[in-house]
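The values are calculated or read from the model by the stated rules, or taken from the named source; none is laboratory data. Quantities reported herein were computed from a predicted structural model and do not represent experimental measurements. As a convention, Cβ positions derive from the backbone with ideal geometry for all residues, glycine included, and neighbour counts pool all protein chains shown. Heavy atoms of the whole protein, side chains included, go into the accessibility calculation; ligands, DNA and RNA do not. Shrake-Rupley method; radii C 1.70, N 1.55, O 1.52, S 1.80 Å.
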Amino acid sequence: MLPVQARLAFTRSPDDVTFLARQQVGYPYHVGRVLRLPADPAPMATVLLQSCSGGIFEGEDLGLAVSVGSGAMVHLSTGASTIVHGMQGGSARQRICLEVGANALLEYLPKPTVLFPGAQLLNEVDVSLNPQASLLLWDVCLAHGPGGNVERFGHYHSVTRVRDSDGRLRVLDRMRIEGADLSEPRVGINGGFGTLGTFFIFTRKVNAALLTEYVRQVSFSDDEIYVGTSELPGSCGIWVRVIAKSAVAMTRQLNDIRSSIRPLLMKPLEEDRLAREY
């Protein structure tokens with residue numbers, strides 16, 4: 001069993017409401033009450049994961065495991081951006097394990113990761129996804145120098161692995177960025193854009209070409225942001241790469257994409273619910 005500081009398990013109740021069935025949460029994590037937001041579908045549970053430590057520090061190995069049971073609907077985010085503090089030559093690691101059951105929907109959409117000068121972080125996300133499940137997952141990082149500090153962060157290494165319920169690898173994405181890569185505008189690399197984001201939309205309930213079309217209708221590229229999207233292997237969904245000049249522009253674009261494709265994902269889930277009731 002993966003050694004982690006926090007485990008969350010969500011289940012759908014007989015009256016079609018998702019609830020937090022089990023939780024085991026230790027330092028530095030804190031989980032508040034389950035929220036029901038007006039804009040969300042009635043069955044959806046929203047939970048904000050908070051940190052009591054003020055960020056990620058050198059030498060830490062943090063782990064989070066989330067299980068979403070059959071038919072459950074969950075929106076999981078963080079209460080604020082995650083600060084990765086400066087380090088003296090070492091590094092830190094964050095491991096996220098997501099398991100999504102049949103006909104379930106998980107939105108794991110944390111606030112941006114803010115990399116302070118000297119920060120070095122390995123961010124690993126391992127997903128076990130039922131063929132009938134849907135998952136929205138994004139990863140955003142940016143550099144920040146408190147008080148005008150112009151020193152660079154060390155590196156940010158992000159690895160996302162998606163396996164089906166039989167353990168077969170379906171998608172593997174690796175992204176590594178050095179602080180020096182964002183220190184100045186580079187033609188063909190970042191063009192002066194310092195906020196990086198990847199948005200994965202995993203589902204087999206909606207045609208990948210249709211998802212791509214919807215994303216392109218709301219995406220734009222200008223002097224603040226640049227967006228590219230394509231289908232994932234095996235038609236299991238799509239991914240979107242975004243670079244932006246600010247976290248504000250990045251968040252706005254990702255939320256626009258989410259709002260665009262969310263109704264497409266909800267429709268099959270609603271049809272499944274009505275079929276069960278009938």
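Points worth noting:
- Residue, farthest from Ile238 (Cα to Cα), within the stretch 125-144, restricted to residues that are out of contact with any Cys (no Cβ under 9 Å at 6 or more places or on another chain) and either among the polar types (S, T, N, Q) or open to solvent by 20 Å² or more (accessible area, probe 1.4 Å) (or both): His144
- Filtering the stretch 101-159 to residues that are among the charged types (D, E, K, R) and either within 22 Å of Leu8 (Cβ to Cβ) or touching a Lys or Arg at 6+ places or on another chain (Cβ under 8 Å) (or both) leaves Glu107, Lys111, Glu124, Asp126, Asp139.
- Qualifying residue in the stretch 43-54 (condition: on the phi < 0 side of the Ramachandran plot, buried (at least 19 other Cβ atoms within 10 Å of the Cβ), in a loop (DSSP other than H, G, I, E, B) and of a type outside the set (A, V, I, L, M, F, W, C)): yes
- Filter pass, Val248 being open to solvent by 60 Å² or more (accessible area, probe 1.4 Å) and β-branched (Val, Ile, Thr): yes
- In the stretch 17-39, residue surrounded by the most Cβ atoms within 10 Å (Cβ to Cβ) [restricted to those that are closer than 25 Å to Thr113 by Cα, touching a residue at least 12 places away in the same chain (Cβ under 8 Å) and not hydrophobic (A, V, I, L, M, F, W, C)]: Tyr29
- Hey, Val215 open to solvent by less than 30 Å² (accessible area, probe 1.4 Å), in contact (Cβ under 8 Å) with a residue 24 or more places away in the chain and closer than 22 Å to Ser246 by Cβ or not: yes
- Qualifying positions in the stretch 55-77 - in a strand (DSSP E or B) and either at pLDDT below 95 or more than 16 Å from Val140 (Cβ to Cβ) (or both): Asp61, Leu62, Gly63, Leu64, Ala65, Val66, Ser67, Val68, Met73, Val74, His75
- Scanning the stretch 239-257 for residues that are over 14 Å from the mean Cα position of the chain (by Cα) and touching a residue at least 12 places away in the same chain (Cβ under 8 Å) returns Ile243, Ala244, Lys245, Ser246, Ala247, Ala249, Gln253, Asp256.
- Each residue in the stretch 112-129 was checked for being in contact (Cβ under 8 Å) with a residue 60 or more places away in the chain and more than 15 Å from Ala143 (Cβ to Cβ), and 2 of them qualify.
- Scanning the stretch 68-96 for residues that are over 15 Å from the mean Cα position of the chain (by Cα) and open to solvent by 30 Å² or more (accessible area, probe 1.4 Å) turns up Ser70, Ile83, His85, Gly86, Gln88, Gly89, Ser91, Arg93.
- Among the conditions (1) within 15 Å of the chain's Cα centre (by Cα); (2) without any contact (Cβ under 8 Å) to a residue 40 or more places away in the chain, the only one that Val162 does not satisfy is (2).
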